[in-house]
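Worksheet: one structure, shown below.
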Amino acid sequence: MTGPYLPDHGDDGYRVEHYDLDLDYRPHTGRLAGRAVLSAVAATRTSRLVLDFGPLAVSRVLVDGRPARFTHGGGKLRIRPQRPVEGPFTAEVRYAGTARPVRTRHWGELGWDHLADGALVASQPIGASSWFPCNDLVRDKAAYRIAVTAPSHYTVLANGVLVDGRAGGSTTTWVYEQAEPMATYLASVQIGVYERIALADDQDVHAPARLLRAARHDFARQPLMVEVFEELFGPYPFRRYQVVVTDDELEVPVEAQGLSVFGANHVDGRRGFERLVAHELAHQWFGNSVGLADWRDIWLNEGFACYAEWLWSERSGGPSAAVLASRAHAGLARLPRDLRLGDPGVANMFDDRVYRRGAVTLHALRERLGDQDFFAAVRDWTGTFRHRTATTADFAAVAQRHTALPLEVFFRSWLEGFALPAL
């Protein structure tokens, strides 16, 4: 097993319970001003706090209401409180500058990014520090309040439920509350000139006027998709689900908690990208509610989301999951055998083989357990670890509860070996 995937990110010495973010954004200049208040708990007495924070300039830091000395550089905000902290504490950071993504070695630019007319956030896995100071550990989940002020003709969307919208002259402040704990990489703000399509009481699509007709058609079956996934995976884990279709093209859709973002190129008026609708929706269960305790287990997110594409195909009149699994297995057999699914390495976290082999692994488990026990195990998984974090070992233990057949060799061969087991 390799060491920690992202050892330079996050700090296990404390955990954040709540982020309170007040942001002011000017789309035409790209200026972002912010005030972030972190309510956290230190594991031991410490006189030094370290936050992940990127390119914006910090003007003031308070710890428990008292000014604190700080240095900021290299993606880290290092704070020395007037008094050591132990147990609960608050850290307040004021900052401003031209918002831009952070550069990463393996994944290009991540985080806050400009659109032709607006902005989007795509942080997975380490882009959150581009727009707010944070403890950027995937397992450190917290509640959020996100308030964003922008020119009034823009729509602002963020995680959670809209609880306030205050117009003041030419600007409007939008306030969202995300009560269910959320990993930093899933925190998101989307800003654009959008119109709303109401799909259901708790489901909306926001799209530019020119794409409304196509978006209304392409996402029309999403409420039915939610019903199917609730039957298979258990209750939808959040209070709302919002979709944003940007006026710009995106390489791939972007997942966030209670929110997904699609590019204009993912809407064609013919449901040509409906598998991606299923994929992003499934992440609300797998990745967002049941979060990762460690990035090495990324297959639990992407394998389930990919398998959800096949399950929706099976339920909506397309090829069965068995057919799609067989095709994927044949495709994997033609690719290099140099990736361990359960520990792919940092550079390969988002390799397509993680997605496809993850989904094929789940189908192989379904065939071994049978439909009744397999989906019972899936619902047990999403219920037991709802709004928590988990590991591959946790998943294997849940699966084993639902069969008398030994699964140790099964998981070892699919997750730890380079060879591709027979399907």
Note, the stretch 176-183: 3J(HN,Hα) by Karplus (6.51, -1.76, 1.60, θ = phi - 60°), whole Hz, Gly/Pro = x, goes 10, 10, 10, 6, 6, x, 9, 6
In nm, the gap between the two label points placed 7 Å beyond Cα toward Cβ at residue 193 and residue 12 is 5.0
For the stretch 290-416, whose charge dipole is built from +1 on Lys and Arg Cβ atoms and -1 on Asp and Glu Cβ atoms, the candidate among 409, 347, 365 with its Cα farthest towards the positive end is 365
So, with points 7 Å from each Cα along the Cβ direction, the residue 251-residue 230 label distance in nm works out to 3.6
Along the dipole axis of the chain (charges at Cβ: +1 for Lys and Arg, -1 for Asp and Glu; origin at the Cα centre), the most positive-end residue among 173, 61, 160 is 61
If one compares the long axis through the Cα atoms of helix 371-384 with the longest principal axis of the Cα atoms of the chain, the angle in degrees, nearest 10, works out at 20
Taking a ≥ b ≥ c as the square roots of the eigenvalues of the Cα gyration tensor, with a/c under 1.5 meaning rounded and otherwise prolate when a/b exceeds b/c and oblate if not, the chain is oblate
Place a point 7 Å from the Cα of residue 347 in the direction of its beta carbon; the residues of the stretch 87-120 whose amide N falls under 11 Å from it are 106
Contour minus Cα-Cα span, residue 368 to residue 380, at 0.36 nm per residue, comes to 2.6 nm
Helix 222-233 sits off the longest principal axis of the Cα atoms of the chain, rounded to the nearest 10 on a 0 to 90 degree scale, by 70
Taking a label point 7 Å from the Cα of residue 338 along Cα-to-Cβ, the residues of the stretch 405-422 whose backbone nitrogen sits under 17 Å from it are 417-420
In terms of the charge dipole of the chain, which places +1 on Lys and Arg and -1 on Asp and Glu at the beta carbon, the residue among 238, 111, 203 farthest towards the positive end is 111
Quick calc: nm separation of the 7 Å Cα→Cβ label points for residue 220 and residue 412 -> 5.2
Note to self, the chain gives a 222 nm [θ] from helices alone (DSSP H runs n ≥ 4, -39500 (n - 2.57) apiece, / all residues, nearest 500) of -7500 deg cm²/dmol
For the chain, the dipole about the Cα centre with charges only on Cβ (Lys and Arg +1, Asp and Glu -1), to the nearest 20 debye, works out at 860
Full extension between residue 117 and residue 271 adds, at 0.36 nm per residue less the Cα distance, a length in nm of 52.9 nm
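Efficiency by 1/(1 + (r/R0)^6): what FRET value for residue 330 and residue 71, r their Cβ-Cβ distance, R0 = 41 Å, to the nearest 0.05?
On the way: r = 54 Å, r/R0 = 1.33.
Plugging the Cβ-Cβ distance into 1/(1 + (r/R0)^6) gives 0.15.
Quickly rank 10-17, 189-196, 313-320 as a protection proxy: mean count of other C-beta atoms within 10 Å, highest first.
Packing order, densest peptide first, comes out as 189-196, 10-17, 313-320.
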Relative to the chain, whose Cα atoms define the longest principal axis, helix 299-315 and its Cα axis are tilted in degrees, nearest 10, by 60
Listed by chain and number, the residues whose amide H is under 5 Å from that of residue 244, excluding neighbours fewer than 5 places away on the same chain and using placed H, are 206, 260, 261, 262
Computed ³J(HN,Hα) along the stretch 167-174: with the Karplus parameters 6.51/-1.76/1.60, θ = phi - 60°, integer Hz and x for glycine or proline, the list is 7, x, x, 8, 10, 10, 9, 9
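Each value in this text was obtained by applying a stated rule to the coordinates, not by laboratory testing. Keep in mind that this is a model prediction, so the values were computed, not measured. Note: ideal-geometry Cβ built from the backbone for every residue, glycine included; neighbour counts use all protein chains shown.
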